[in-house]
Amino acid sequence: MPLTDEERERGERLGLALRAARAGRSMVDVAAEAGISVETLRKIETGRIPTPAFFTVAAIADAVGLPLEELRAAVTPAASPPLSQAS
């Protein structure tokens, strides 16, 4: 099933947030610390993998010191309710 525009946009926001959190660190260092390939990190950061596995995202967030709650806030559009309140 093809991705929706919303899923693609969320993937792009995820990539931007992770890239910003990586700051001056190299992709090689962050990928190694997260236990993923540099190519996977590159694809996530550029939105080419818009729906990566949760544990991959959690590993990257941990490697760059970004709390998951902050990452969720950066990825969720302001108009969307928090996941705990969604019906």
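Considering only residues that are at pLDDT below 95 and among the β-branched types (Val, Ile, Thr), look in the range 28-53 and name the one that is nearest to Leu16 (Cα to Cα). Within the range 28-53, the match that is nearest to Leu16 (Cα to Cα) is Thr46. Can you run down the residue pairs with Cβ atoms below 6 Å, 6 or more apart or on separate chains, where the first is in the range 37-48 and closer than 16 Å to Val75 by Cβ and the partner is open to solvent by less than 40 Å² (accessible area, probe 1.4 Å)? That search, which allows pairs on different chains as well, returns Ile44/Gly15; Ile44/Pro52; Glu45/Gly15; Glu45/Leu18; Thr46/Gly15; Gly47/Gly11; Gly47/Gly15. Pairing each residue of the range 1-17 that is under 9 Å from Gly47 (Cβ atoms) and of a type in the set (Asp, Glu) with any residue that is open to solvent by less than 60 Å² (accessible area, probe 1.4 Å) and modelled with pLDDT under 95, provided the two are 6+ apart or on different chains, yields C-beta distances under 9 Å for Glu9/Gly47; Glu9/Pro50; Glu9/Pro77; Glu12/Gly47; Glu12/Pro50. Every condition in (1) open to solvent by 40 Å² or more (accessible area, probe 1.4 Å); (2) assigned to a helix (DSSP H, G or I); (3) of a type in the set (Gly, Ala, Ser) holds for Gly24 except the one numbered (2). Within the span defined as the range 76-83, every residue fails to be at pLDDT 90 or above and not polar (S, T, N, Q).
The values are calculated or read from the model by the stated rules, or taken from the named source; none is laboratory data. Since we're looking at a predicted model, the values are computed, not measured. Methodologically, a virtual Cβ is constructed for each residue, glycine included, from the backbone with ideal geometry; neighbour enumeration extends over all protein chains shown. For accessibility, only protein heavy atoms count, side chains too; no ligands or nucleic acids. Shrake-Rupley method; radii C 1.70, N 1.55, O 1.52, S 1.80 Å.
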